[in-house]
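Asks: Mind having a look at this structure? Questions to follow.
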Amino acid sequence: MGEQNGFSLYEQLEFTNQALEISYTPDSSVTRYTYEIIKDGVEYETGTVAGSKIGEFLLQETGEYKIILTLYKGRKTEVVESGIYHIDKESPIIRMKDTSQGSLLKIEKPKKNITIDFNEYIIAYDTQDGDLQSQVSSNASELDLTKIGTQELIYTVTDRAGNTATKTVQLQIVANKQASLLGIQILLLSIVILIGYRIYRYQKSVRLEHRISKYSIQGVRNHSVSVFEKLIKVCQKWNGQIARILTKSSFIKKYSKHYEKYIPLYHPFYQSGMDAVATKLICGIGFIIIAIFSMAIQYHVFASYELLIPFLFGFFLPDLLYFSKYKIYRNTLENDLLQAIMVMNNAFKSGRSIVQAVDLVTRELEGPIAEEFKKMSLELSFGLSIEETFRRFSERIQLEEVTYLTASLSILNRTGGNIIQVFSSIEKSLFNKKKLKLELASLTGSSKIIVYVLFIVPPMFILFISLINPSYFVPLISTPVGIILCGIILVIYICYIFLVRKIMKVRM
């Protein structure tokens, strides 16, 4: 564009990536003039030119410019404005839509009659031009998509100003596993249908047996077993076989010792701690099957490490059941032990022996404490001594109160003494201890609730934020810095729980 209003270049509406040198030639009547360069709506540069000298302005950074001149002609002033100048030196941006993959694009080997639009995997935009998705070109036509392996896919895009950006992506072509996934789906569906058919046949046979029994001279005995009972027997059989295999490992044998205390809770299903470990292994395998089924439904090709998480979750899930049931069992024993001692003390006051007192507890009480005293009564009837019987009882229960009781009976049995007075003292001390526990629980109840709420708040906060914005926490699990921060947060949270529980715990 030619000279207008004294500017060598009045305006530059089209974007350019070149620096602009603009000069202004004033009239001879101008004694001086000031200039103000506006960039992106903000004052960028100001200055004053004496006389009617030619002013030169250099615009070389990215932005939208405008020049405003104030001309002084004696006592008169005149304002002259230029047009708009657009400079764009910034290259467009090309990035993958899935930022967690970095510069790797993994696709399955396409069929011959299928064309792939590689632009759907990337995002291209420019700060001045906006979306440039439709203007991206690539060398996809030069690649051999029928060849399994890694190739370089190069994206190129140019904005209106002539700035060009390229991005090289590693295109990894893998074998098409859709057929194998479909096979897994069909296999799992066939197993479900077969199980349903077997249940239907079994129920039909049971109904037929009941119908025939009405017209039989001698009624057919009902030996039917429910499906749940059958399933329990099958699981128990598999559990026993797996337990026998696991016994060959010395490490697993040592590990199973931790589960010996749970055997009374699951008798006769569990005969040893190895049965509990076998159940954990079966649960882990079951969760792997569920994960494979869910991935197959979504046509997701799973890796071996993706199955580790469901296996670990299923393997350690029974521990929660074991621990909660054992805690209830222990609390019940602690609560009923005082009643057992009161029954024994009353039996001693009426002139009965220790054997008769133990037998009386089995008849008067119910629950776990009654079962334990039945074992003691049976051991005494087989000829075991009182000391040995109560020692074995103490080893099974592992309660501090039972240890006191066993020690007291052992001393009385060896040295003699007033057993009624001793048991009255034990009964009184246990009663006071239980009373103190209840008072302590009532005093610390509100504090415990606050602590549990504080434990739950962080996971619930993460859950709610994830439901509102699923991508909010993605950088924490998709970037190296985020993974490190996740590890630090987890360590701090675990230390917080440990310290608070230590502080809140009161030993009596």
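The values are calculated or read from the model by the stated rules, or taken from the named source; none is laboratory data. Please read all numbers here as calculations on a predicted model, not as lab measurements. With ideal geometry, Cβ positions are generated from the backbone for all residues, glycine too; neighbour counts draw on all protein chains shown. All accessible areas refer to the heavy atoms of the entire protein, side chains included, with ligands and DNA or RNA removed. Shrake-Rupley method; radii C 1.70, N 1.55, O 1.52, S 1.80 Å.
Asks: Residues with beta-carbon under 13 Å from that of Leu430, excluding Leu430: net charge, scoring Lys, Arg +1 and Asp, Glu -1?
Replies: 0
Asks: Looking at segment 371-458 from every direction and averaging, what is the projected area of its Cα convex hull in nm²?
Replies: It is 8.2 nm².
Asks: Next question, about the same structure. Please give the solvent-accessible surface of Thr25 in Å², to the nearest 10, using a probe radius of 1.4 Å with every protein chain present.
Replies: For Thr25, solvent-accessible area is about 60 Å².
Asks: Mind checking the alpha-carbon convex hull of segment 336-380 and giving the volume per residue in Å³?
Replies: Each residue corresponds to 51 Å³ of Cα convex hull volume.
Asks: Take the Cα radius of gyration of the chain and divide it by 2.2 N^0.38 Å, with N its residue count; two decimals is plenty.
Replies: After normalising by residue count via 2.2 N^0.38 Å, the value is 1.79.
Asks: On to the next question. With θ taken as phi - 60° and the coefficients 6.51, -1.76 and 1.60, list the Karplus ³J(HN,Hα) couplings across segment 310-317 in order, rounded to whole Hz; mark glycine and proline as x.
Replies: x, 5, 5, 4, x, 5, 9, 4
Asks: Now for a different question. How far apart, in nm, are the 7 Å Cα→Cβ label points at Val192 and Gln271?
Replies: A separation of 3.6 nm, rounded to one decimal place.
Asks: How much length is gained if the chain between Leu440 and Ser29 is pulled fully straight, taking 0.36 nm per residue apart and subtracting their Cα-Cα distance, in nm to one decimal?
Replies: Net length gain for the segment: 138.1 nm.
Asks: Here's a follow-up. Do you know the Lys pair count in segment 417-508 for C-alpha distances under 17 Å, with sequence separation 8 or more or different chains?
Replies: Close lysine pairs under the 17 Å cut-off: 7.
Asks: Compute, for the chain, the length of the dipole vector about the Cα centre, with Cβ point charges of +1 (Lys, Arg) and -1 (Asp, Glu) only. Units Debye, rounded to 20.
Replies: About 4580 debye.
Asks: Please work out how much accessible surface Met376 shows to a 1.4 Å probe, ignoring ligands, DNA and RNA, in Å² rounded to 10.
Replies: Approximately 0 Å² for this residue.
Asks: Could you calculate the contour length gain from Val234 to Glu388, that is, 0.36 nm times the residue separation minus the distance between their Cα atoms, to one decimal place in nm?
Replies: 51.6 nm
Asks: Further question: In nm, give the distance between the simple-model label positions of Ser478 and Ile456, each being 7 Å from the Cα along the Cα-to-Cβ direction.
Replies: Simple spin-label model gives 3.2 nm for this pair.
Asks: Take Leu317 and Asn17, extend 7 Å from each Cα along the Cα→Cβ direction, and tell me the distance between the two endpoints in nm.
Replies: Simple spin-label model gives 5.7 nm for this pair.
Asks: Also: Nearest 500 deg cm²/dmol is fine: what mean residue ellipticity at 222 nm does the chain get from its DSSP H runs of n ≥ 4 alone, each adding -39,500 (n - 2.57), divided by its residue count?
Replies: Here the helix-only value at 222 nm equals -18000 deg cm²/dmol.
Asks: Can you give the net charge of the other residues whose Cβ lies under 12 Å from the Cβ of Ser205, counting K and R as +1 and D and E as -1?
Replies: Charge balance in the 12 Å sphere: +4.
Asks: List the relative contact order of the chain as a percent without decimals, with contacts defined as Cα pairs under 8 Å and 6+ residues apart.
Replies: Averaging sequence separation for qualifying contacts and normalising by length gives 7 percent for the chain.
Asks: By per-residue mean of other Cβ atoms within 10 Å, what is the highest-first order of 488-496, 115-123?
Replies: Top to bottom by mean Cβ count within 10 Å: 115-123, 488-496.
Asks: Using a cut-off of 22 Å between alpha-carbon atoms, which lysines can reach Lys97, once sequence neighbours fewer than 8 places away in the same chain are excluded?
Replies: Qualifying lysines at Cα under 22 Å: Lys106, Lys109, Lys167.
Asks: Can you send over the solvent-accessible area of Val30, 1.4 Å probe, protein chains only, in Å² to the nearest 10?
Replies: The accessible area comes out at roughly 10 Å².
Asks: Let me ask something additional. Taking H as built 1.01 Å from N, whose amide H comes closer than 5 Å to the amide H of Ser23, not counting residues under 5 places away?
Replies: Ser8, Leu9, Phe57
Asks: Turning to a different aspect of this structure: Taking the dipole about the Cα centre of the chain, with the C-beta of Lys and Arg at +1 and of Asp and Glu at -1, give me whichever of Leu380, Ser408, Ala276 is farthest to the positive side.
Replies: Going by the charge dipole, the pick is Leu380.
Asks: Considering only protein heavy atoms, with the full assembly of protein chains and a 1.4 angstrom probe, order Val422, Val277 by accessible area, largest first.
Replies: Most to least solvent-accessible, the answer reads Val422, Val277.
Asks: Work out the FRET efficiency for Thr70 and Asp40 from their Cβ-Cβ distance, taking R0 = 22 Å, and round it to the nearest 0.05.
Replies: Efficiency, from the Cβ-Cβ distance: 0.55.
Asks: Mind checking which lysines have their Cα closer than 19 Å to the Cα of Lys76? Skip sequence neighbours fewer than 8 apart in that chain.
Replies: Excluding near neighbours in sequence, the set is Lys53.
Asks: Taking K and R as +1 and D and E as -1, what net charge do the other residues with C-beta under 14 Å from the C-beta of Val136 add up to?
Replies: -3
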